[in-house]
């Protein structure tokens, strides 16, 4: 009987010590350290003057910087079009074809290349040579058709028998179908085609428009 009482007392004493140890550990637990988020808290203004200042643009800017209000854009960036705003258009210039006006060569050339619309008597009149001598020098017959591109040797002596001019000039001439400056020169007989081109500001290769009026020097 005595042993049972002693065992109960020992258990009671052990329970008292265990309870005291639990209370001590609970009282000594570390306090929570405030995190960085707590440092961002901003205390609301107090007082009438602070409340009024809270609605100013400066207060709103401070609140926005501290994260209390969402940031809003103050200006809009214009959309770019892919080209600088100060770019200037480069003016385009139209190129005007340069017309080389020929100059007549004085005297008789040693050779001459026949052009479309020309014939032996035309060349003889132009250079004031005997047409028979021109044909003989080049091995040609009278009435023979001569092709453009044929190189003729020009006699350096003699003169054209008769009147060289077929039509009087200076005058004007109205261009007909298929006319060229060379053909018009043969129409007048004794005039050089380069003189007609120069009088009208044309090149020897310039096409002639039907109905155009040419100045014949």
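Observations, loosely collected:
- Filter result for the condition that a residue is under 44 Å from the mean Cα position of the chain (by Cα) and surrounded by 14 or more Cβ atoms within 10 Å (Cβ to Cβ), over 138, 133, 200: 200
- Members of the range 173-198 found to be touching a strand residue (DSSP E or B) at 6+ places or on another chain (Cβ under 9 Å), in a loop (DSSP other than H, G, I, E, B) and under 15 Å from residue 118 (Cβ atoms), listed by number: 179, 191
- Here the range 203-217 is the region considered, the condition is being over 15 Å from residue 116 (Cβ atoms) and in contact with a helix residue (DSSP H, G or I) (Cβ under 7 Å, 6 or more places away or on another chain), and the residue that is surrounded by the most Cβ atoms within 10 Å (Cβ to Cβ) is 216.
- Counted residues, the range 103-120 - those being part of a loop (DSSP other than H, G, I, E, B), touching a strand residue (DSSP E or B) at 6+ places or on another chain (Cβ under 8 Å) and surrounded by fewer than 18 Cβ atoms within 10 Å (Cβ to Cβ): 1
Residues are listed down the side, and each one gets a yes or a no for (1) at negative phi; (2) in contact with a strand residue (DSSP E or B) (Cβ under 7 Å, 6 or more places away or on another chain); (3) modelled with pLDDT under 95:
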position	(1), (2), (3)
122	yes, no, no
139	no, no, no
142	yes, no, yes
145	yes, no, yes
154	yes, yes, no
162	no, no, yes
200	yes, yes, no
209	yes, no, no
212	yes, no, no
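- Residue 143 more than 55 Å from the chain's Cα centre (by Cα) and either assigned to a loop (DSSP other than H, G, I, E, B) or in contact (Cβ under 8 Å) with a residue 24 or more places away in the chain (or both): yes
The values are calculated or read from the model by the stated rules, or taken from the named source; none is laboratory data. Predicted model only: the values in this text are computed from it and were never measured. When we count neighbours, we look across all protein chains shown, and the Cβ atoms used for this are built from the backbone with ideal geometry, even at glycine.
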